[in-house]
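The structure appears below as structure tokens.
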Amino acid sequence: MKINVVLAEDNQFLAETMREKLSFFAEINYKFRAKNGAELLDMLRVDHNIDVVLMDIQMPIIDGIEATELVKNRYPQIKIIVITVFDDNDTIFNAIKAGADGYLLKETGPKDLFLGIQDVLNGGAPMSPAIALKTLNLLRFSKIPAFEQQSKNQVALTKREVEILEHLATGLNYQLIAENLFISPPTVRKHLENIYRKLQVHNKMEAVQKAKKQNII
């Protein structure tokens, strides 16, 4: 039986590279590529007969962390392997917390990528060696329990959403925030909509005040 795989990746070159890696294996049925999390969700509404999503982290509109959480909430049967160049502790923790089933670096070769897909479908949690070591260190130094001890009322925001809130707190407008973060003003507005929804606020001032009160920024 074929393994239905989709890719969420905004970079055309990296997407082609990933597709080429998958092409070596007859068992893989590459169904489609989404350029961001929002496009992925739209495509899944049309066809969610998917086994595995290979998820990039840094994408416009809806990034990989938030997309992982949304996909897992709507289609819990779909396995998600984060495929990224980011191996910092916060990104790893946020990806796991969002529901990622595996975490591989983009430098992963075709064979190890295929083995990771098979592993995740068999109930495993594939991780690149460097990621596995960092995850062990997170546990060893009790970083994850520290997060769990936070107030139950604290809202989980993505790294990008926190960055935007931090910029808002300094009084910057949409255009300057977009320039500083190398994204477009419409993307900033989209992130703000998500921030308002998550924090249950109605404007920038309320968002910043609530974020400071909950120690988000």
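Things worth noting here:
- Restricting HIS191, HIS167 to residues that are under 16 Å from ASN215 (Cα atoms), of a type outside the set (Val, Ile, Thr) and assigned to a helix (DSSP H, G or I) narrows the list to HIS167.
- Some residue of segment 60-69 being surrounded by fewer than 19 Cβ atoms within 10 Å (Cβ to Cβ) and not in a loop (DSSP other than H, G, I, E, B): no
- Note on segment 172-188: residues that are surrounded by 16 or more Cβ atoms within 10 Å (Cβ to Cβ), among the hydrophobic types (A, V, I, L, M, F, W, C) and assigned to a helix (DSSP H, G or I) total 3.
Taken together, the values in this text are just the output of simple stated rules run on the coordinates, not laboratory data. For clarity, every value in this text was computed on a predicted model and none was experimentally measured. Glycine also receives a Cβ, built like all others from the backbone with ideal geometry; neighbour counts cover every protein chain displayed.
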